[in-house]
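Below you'll find the structure, written out as structure tokens, and then a few comments.
Values quoted throughout were computed directly from the atomic coordinates according to the rules given, and no laboratory measurement underlies them. Nothing here was measured: the structure is a model prediction, and the numbers come from that model. Using ideal geometry, Cβ is built from the backbone for each residue, glycine included, and neighbour counts are taken over all protein chains shown.
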Amino acid sequence: MLEDAEISRILVIMAHPDDVDFGSAGTIARWTDAGIGVSYCLVTNGDAGGSDRSVSRADMTLIRQAEQTNAAKQVGVHDLHFLGYPDGQVEATLGLRRDLARIIRLLRPDRVVCPSPERNYWRMGISHPDHRAVGSAALDAVYPDARNPFAFPELLAEERLEPWTVREVWIAASPAPTNYVDITETFPRKVAALRSHVSQISDPDGLEQMLRDRLARTATEGGLPEGRLAEAFQVLQSG
Ligand SMILES: [Zn+2]
């Protein structure tokens, strides 16, 4: 696994606003504290989210973009890219792979964070079809699309985007995590990031305790000492 000191830029690719904050915000706050530049790429605007039927879906798009932008600020992230795919209908198409290869070549990250393309049979909610499709397309964009000059040749010919090799991938919500990050110190900022998703949080008062319980369980699974909180990832060498 690469040391954070070897990393200057990280790209987080997720399906919906709030995915990054549930799975990774505590870890991201540690990275930005260490001076690493972090960017987000959100494939959808989360326009199928929330339970308030009186909010138009066009309004929901704007609300969720604003909420994700606020959440990102809580953990030191200011560079966000929304691809605008329809929420709930994402497939791992060649078009999505090209869009993700484009953003990888544009931002040239050392490390990519993405969802798992695998179904997690223990936690249904984290295996949303959009998450699995984005995980699959993101891994294909890392290898081979972004690094191969002959994959989507128009990216090079028309947009002058040189091939780029991402060195490491961190899969969030993997059924087979390999790395546990202690986020006890950054936990309050993760909670603040999640509270920014006002349209999605039905029980803001219970949120902190729910997160604390879940992250404490993750820490225990990872062998961290009693009282610590952790986020878990499956880390792949890709470069
Ligand atoms: Zn999601």
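Descriptive notes on the structure:
- Computed over the chain, the per-residue total of -39500 (n - 2.57) for DSSP H runs of n ≥ 4 gives a 222 nm mean residue ellipticity of -12000 deg cm²/dmol, rounded to 500.
- Ordering SER202, SER196 by the number of other Cβ atoms within 10 Å of each residue's own Cβ, fewest first, gives SER202, SER196.
- The stretch 109-149 and the stretch 14-81 have Cα centres separated by 17 Å.
- Each Lys or Arg adds one and each Asp or Glu subtracts one; over the other residues with Cβ under 11 Å from the Cβ of MET14, this totals -4.
- Taken along its principal axes, the alpha carbon cloud of the chain reaches lengths of 52, 46, 34 Å, longest axis first.
- Across the chain, the longest piece that holds none of the chymotrypsin sites (Phe, Trp or Tyr not before Pro) lying in DSSP loops with up to 15 other C-beta atoms within 10 Å covers 1-120.
- Stretch in the chain that is longest and holds no GluC sites (Glu not before Pro) that DSSP places in a loop and that have at most 15 other beta carbons within 10 Å: 4-90
- In the stretch 53-117, trypsin sites (Lys or Arg not before Pro) in a DSSP loop with at most 10 other beta-carbon atoms within 10 Å: ARG53
- Summed residue charge, Cβ within 13 Å of ASP145's Cβ, Lys/Arg positive, Asp/Glu negative: +2
- Principal axis dimensions, largest first and in whole angstrom, of the stretch 33-96 by Cα: 41, 33, 14
- Amide N of the stretch 16-31 lying under 20 Å from the label point, which is placed 7 angstrom from the Cα of SER8 along Cα→Cβ: 31
- Taking HIS81, HIS16 and counting other C-beta atoms within 10 Å, the order from fewest to most: HIS81, HIS16
- Near GLN237: Cβ cut-off under 9 Å, other residues only, Lys/Arg at +1 and Asp/Glu at -1. The net charge is 0.
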